Amino acid sequence: MTEFIQLLISGLATGSIYALAAIGFTLLWQASQTINFAQGEFVMLPAFFVLAGMHFLGLGFGPAILLALVASLLILGLTFKRVIIDPLLPHGVLPVVIATIALGILMKESVKQFYSAEAQPFPALFSERTITVLGAVVSVQDIAVLLISLSAVGLLQFFLTGTKTGRCMQATAQNPAVAEILGVNVKRMILYTFLINAALALLASVLISPIYLAKFNNGETLGLIAFIAAIVGGFNQIRGAIAGGLLIGVIDNLAAAYVSAQYRSAIPLILLIIIILIRPQGLLGKAEGRTV
């Protein structure tokens, strides 16, 4: 039982990071019908912004994170929207998909060439000591990652439902034409969505890098799992992305311990196939009609 609790908490911690990345998929899809296949690299890159600030500019860890936040908002938020999404989106989803795949490759290879192909140690945010929970020994880091991720999601939900700007963003996601008629600045709301995605990517990067190190290819697996989590939970619901990320994190841990560690990478794909066959809209998603 104690081993199960350890695996459960560790899986929830990892799954909460998947959820942060998956929420980015959902937000961009709701706001602008954009699928960002460079989302994994969006989570990978801010860690190297932090390391560059520390190693090349001599900044402390805290100021380096602030620098990385500004860089992420400008590059992964504003520039990404203005340079790639805005020109391509009027031509349909496919050009955007191709462009984001190419962008992901460019980001990955750029980090590899200009920083390092070797895994880089990343400063630990939390103590490495352990505590006892229900008789199981769990790390403080897992607990802290889970609490911070869930707090960030809670703040996002409060912002979207409890503030005027958040409600305007939701109105834009539901029906941009009607929202514009009602006086909502639709373009600004969509920009806010891209900026929030960039901030969530930074948070996920800072949380996951001390565990898995900062590597140029971290985004490959992370982006795929986050995409699967968004589909499993429901691509058009933020709560679905959260549920999908947590579910995959837990199932992945349990399968590696009780089934086979060799096939753990196949678990998210198997789960995806099962969900698509049983409930195509995802666990918490809503079926969307389409005019033919």
**Q.** Flag if L147 is over 17 Å from N197 (Cβ atoms), of a type in the set (A, V, I, L, M) and in a helix (DSSP H, G or I)
**A.** yes
**Q.** Flag if V96 is under 30 Å from F4 (Cβ atoms), surrounded by 14 or more Cβ atoms within 10 Å (Cβ to Cβ) and in contact (Cβ under 8 Å) with a residue 24 or more places away in the chain
**A.** no
Q. Is there a residue in segment 118-136 that is surrounded by 14 or more Cβ atoms within 10 Å (Cβ to Cβ), within 20 Å of E220 (Cα to Cα) and out of contact with any Leu (no Cβ under 8 Å at 6 or more places or on another chain)?
A. no
Q.
It is to be established whether one or more residues within segment 9-22 are part of a helix (DSSP H, G or I), closer than 23 Å to K215 by Cβ and aromatic (F, W, Y).
A. yes
(Q) Suppose we filter G77, G40 for residues that are farther than 30 Å from A261 by Cβ and not hydrophobic (A, V, I, L, M, F, W, C); which single one remains? (A) G77
(Q) I'm trying to understand the selection: among the residues of segment 63-93, which are within 14 Å of A199 (Cα to Cα), free of Cβ contacts under 8 Å to residues at least 40 places away in the same chain and touching a Pro at 6+ places or on another chain (Cβ under 9 Å)? (A) A71
**Q.** Selected residue (only one of I208, I225 is crowded, with 23+ Cβ neighbours inside 10 Å, β-branched (V, I, T), in contact with a Phe, Trp or Tyr (Cβ under 8 Å, 6 or more places away or on another chain) and closer than 26 Å to G40 by Cα)
**A.** I225
Q: Report the residue count in segment 100-117 for those that are part of a helix (DSSP H, G or I) and over 13 Å from Q39 (Cβ atoms).
A: 9
Q) (1) outside any loop (DSSP other than H, G, I, E, B); (2) at pLDDT below 90; (3) within 25 Å of Q33 (Cβ to Cβ); (4) polar (S, T, N, Q): which one isn't true of S265, the others all being true? A) (3)
Q. Are there any pairs with C-beta distances below 7 angstrom linking a residue in segment 193-209 that is closer than 17 Å to I85 by Cβ to a residue that is among the basic types (K, R), with the two at least 6 apart or on different chains, and if so which?
A. F194/K81
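Taking segment 33-60 as the region of interest, how many residues are farther than 25 Å from E118 by Cα and surrounded by fewer than 24 Cβ atoms within 10 Å (Cβ to Cβ)?
2
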Q) From the list N218, N175, which residue is among the polar types (S, T, N, Q) and more than 18 Å from A22 (Cβ to Cβ)? A) N175
(Q) Kindly evaluate L147 against the criterion of being out of contact with any strand residue (DSSP E or B) (no Cβ under 7 Å at 6 or more places or on another chain), farther than 27 Å from Q120 by Cβ and surrounded by fewer than 21 Cβ atoms within 10 Å (Cβ to Cβ). (A) no
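The values are calculated or read from the model by the stated rules, or taken from the named source; none is laboratory data. Keep in mind the model is a prediction, meaning the values are calculated, not measured. For neighbour counting, all protein chains shown are included, and Cβ atoms are generated from backbone atoms with ideal geometry for every residue, glycine included.
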